[in-house]
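One structure below.
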Amino acid sequence: MRFLNQRRRFDDLSEQEILALAISSEEDDARIYRGYAERLRAEFPDTAKVFDGMAEEEDSHRQSLIDLHTARFGKVIPLIRREHVAGFYARRPIWLVENLGIDRIRSEAAGMEAQAERFYLAAAARTQDAATRKLLGDLAAAEAGHQQSAERMEADHLDDDTRDEEDAKAHRQFVLTWVQPGLAGLMDGSVSTLAPIFATAFATQDTWTTFLVGLAASVGAGISMGFTEAASDDGELSGRGSPMKRGFASGIMTTVGGLGHALPYLIPDFWTATITAFIVVFIELWAIAWIQNRYMETPMLRAAFQVVLGGALVFAAGVLIGSG
């Protein structure tokens, strides 16, 4: 709260400070675009060229602003940045965006330009001084020009075939890094924990004991699957992406798959909990079949047969062992 109180209000900034703020903002955005370009260059070289061009556009506008500041106020530019001004638009740290998909990065860049334009237009509307209003209006026009330049550069570097190829590559990478290990974890967690959970349920008919066994089995399986996935392949040769991401995807989904039919045993009544767990298992197995069909291109009937039959056999084994 103290930090927020130390920020300057935009309305209190002088024209020189507004100009300095615009200069630092253009510089930051150029760095962000270059960061995107480097992140995408190896896999998506054409989109990287678009961001290189956008960074150059930001550099040219920054230089124009510096020239204007030098002519009006001299060479010493005040140090003022976005975080120094209350209510000024903020940029998310690049590490929160750069690991997202290519479409998300493209939309983030478009949002950056639109956000800056809207801010400058709103600021100009609230300003009484004619010179400051003109300056803010010019900055808004420059941001609008950035969007048009980005669209022009995208048209130059990304024809329909190139965009389709990059989008297909991004989709394949998403499947390899997130969907495939996550699906393996969900299948392992949903199927492998059926036997111990339902064996315990029918052997003890104690819902709390069954829940504890299910919790332990789910968490243990999640930790095991996560470490196994992360350690089995560093992704360099296979192209499957970061082992850390794959490990998290596999471990978390394994735990979720097991907890799905363990959580109903928090219900005190045994048969109510068991029937609820049956329903959850049915939903889990069909969800796995749908994911296989949607992302792994497995025919729905084959996916359903494999998953539902396998799950049914493990479930039956658990019930028989527990009842015996």
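Any read-out appearing in this document is the output of simple, stated calculations on the displayed coordinates, not a laboratory observation. Owing to the predicted nature of the structure, the values given are computational and were not obtained by experimental measurement. Using ideal geometry, Cβ is built from the backbone for each residue, glycine included, and neighbour counts are taken over all protein chains shown.
Can you list the residues, at least 5 places off or on another chain, whose amide H is less than 5 Å from the amide H of residue 86, using H built in the peptide plane?
Excluding prolines and chain starts, which carry no amide H, the hits are 8, 9, 10.
With Rg and the Kirkwood Rh both taken from Cα atoms, where does Rg over Rh land for segment 167-323?
Details: Rg = 16.4 Å, Rh = 15.9 Å.
The Rg/Rh ratio comes out at 1.03.
Enumerate the calculated ³J(HN,Hα) couplings along segment 55-62 in order (Karplus 6.51 cos²θ - 1.76 cosθ + 1.60, θ = phi - 60°), each rounded to whole Hz, writing x wherever the residue is Gly or Pro.
Result, rounded to whole Hz: 5, 5, 4, 4, 4, 5, 5, 4.
Dipole of segment 178-309, Cα-centred, from +1 at each Lys and Arg C-beta and -1 at each Asp and Glu C-beta, to the nearest 20 debye? List each step's numbers first, then the result.
On the way: 5 positive and 9 negative charges, 43 e Å.
In total the dipole reaches around 200 debye.
Evaluate the distance, in nm, between pseudo-label points positioned 7 Å from the Cα of residue 209 and of residue 6 along their respective Cα→Cβ axes.
6.0 nm
Taking a cut-off of 20 Å, what percent of all Cα-Cα pairs in segment 174-238 are separated by more than that? Spell out each step's value before the answer.
Values: 807 of 2080 pairs.
That tail contains 39 percent of the Cα-Cα pairs.
Over segment 203-324, calculate the relative contact order: mean separation of alpha carbon pairs under 8 Å at least 6 apart, over the residue count, as a percent.
On the way: 123 pairs, mean separation 30.3, N = 122.
Normalised by residue count, the contact order of segment 203-324 is 25 percent.
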